[in-house]
Amino acid sequence: MVKLFKTATPATFILLACYGIAINLNLFINPPAVELMASAPLSNWLLQLIGLISNESAYIMSGIFLLMVLVQAFLFNFIIEHHKIFDSLNTLTGFSYLLLTALFNEALYLSPAFFALFPILIALHKLIRSYNDLSVSPIFDGAFAIGIASLFYLPSIVLFFFYLVGLSVTRVFNIKEWILAITGMVIPYILTATYFLWQDQLGDFLLQHFTAWSISTSIQNTSLLEVGIKIAILAVVVGMGLLIYQRNFLKVVVRIRKYQTLFVYLLSVSFLSAIFINKIHLSPAALLLIPAAYFLAYSFYETSRQRIYESIHLLLLVTVLCFQYGIIV
């Protein structure tokens, strides 16, 4: 299966979409129960829109969520291929993202953290682009996207530290560019605050968004054992990729080395979002999925023995299905 995704053809993209649908069928067999409300304004508005479009039908909402997952996977794969982070075209990044997302799909289901991944991916794209683009527009645009992400899911605001550190990787330090980035991050809040002030709801916005943030829309409880096992799986996947990254660090060109370093920093800073967690839940792991999926794809790409990478995939796939259908926990 993995070997098929080491290429990028129209047939491969169709197969990737089919794979994504197949490993998320549990959402249609037993749709998660959710509350269509959130403390973050953009997530709350999006949930209301989804409820309106679906008429709150669980199956239609599952279809919308699955479509969003596929869009994220294809977008992430596009970013990696557009910047030529791998030597040859492939769909391993999208494949790995779908596999890891399926492990957490019930926790991510229409959650604010999941919605925030869209602007985070855009911010990552702009940050990588800033390496070759001498203009300041990618810097502002990426920071603006981080601000938007935090209006979907407040804990994602910690990624602004990653963004500033990332700028020191892709460009020579320039205080004016940092000020521009801070301005870009703040503007979404100015616009949102202006809207709520116009609606005479500024106090409610500040109270809900900054003091009563919600990390999930799910009304189902998550056991501590399930959280521990899934985070451990994610740690093993990332650790495997980091070992290969360390082994090849001096073998790759400087450009690729800088891009890979960005994912290391993204992974590190994403852990800081844990300080916002006010209950046991897996949805905050959404911020770890982007770097984890990259390192899994990197492991698949750099592993030459088919038996090894197919065995890793099979083990992960079986684990995902066991969790989805209640065989584990």
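For region 28-87, rounded, prolate or oblate, judged on the Cα gyration tensor with a ≥ b ≥ c (square roots of eigenvalues), a/c < 1.5 rounded, else prolate if a/b > b/c? Prolate, since a/c reaches 1.5 and a/b exceeds b/c. Model label points for Leu4 and Thr211, set 7 angstrom from Cα along the Cα-to-Cβ axis, are 5.3 nm apart. Applying a DSSP loop filter and a limit of 10 other Cβ atoms within 10 Å to the GluC sites (Glu not before Pro) in region 13-94 leaves nothing.
Considering only alpha-carbon pairs that sit under 8 angstrom and 6 or more positions apart, the relative contact order computed for region 2-324 is 25 percent. Within the chain, helices built from complete DSSP H runs that reach 30 Å or longer along their own axis (Cα positions) and carry a mean Kyte-Doolittle hydropathy of 1.0 or higher are 58-82, 175-198, 224-248. Build a GNM of the chain with springs between Cα atoms under 10 Å apart, and of Leu134, Leu164, Leu151 the one that fluctuates most is Leu134. Cross-link pairs exceeding 26 Å in C-alpha to C-alpha distance, out of Lys6/Lys251; Lys6/Lys84; Lys6/Lys258; Lys176/Lys251; Lys84/Lys126, comprise Lys176/Lys251. Here Lys3 is the anchor, and the aspartates and glutamates within straight C-alpha reach of less than 15 Å, apart from those fewer than 8 places off in the same chain, are Glu302, Glu310. Entry note, the chain: the mean residue ellipticity at 222 nm calculated from DSSP H runs of n ≥ 4, each adding -39500 (n - 2.57), is -23000 deg cm²/dmol after division by the residues and rounding to the nearest 500. Between rounded, prolate and oblate, where does the chain land on the alpha carbon gyration tensor, with a ≥ b ≥ c its root eigenvalues, rounded for a/c under 1.5, else prolate if a/b exceeds b/c? It is oblate, given that a/c is not under 1.5 and a/b is not larger than b/c. Sparsely packed loop sites in region 103-181 (the trypsin sites (Lys or Arg not before Pro) outside DSSP H, G, I, E and B with at most 11 other Cβ atoms within 10 Å) do not occur.
Only the coordinates and a few stated rules stand behind these numbers; no lab work does. These numbers come from a predicted model, not from an experiment. Neighbour counts are summed over all protein chains in view; Cβ atoms, including those assigned to glycine, are modelled from backbone coordinates with ideal geometry.
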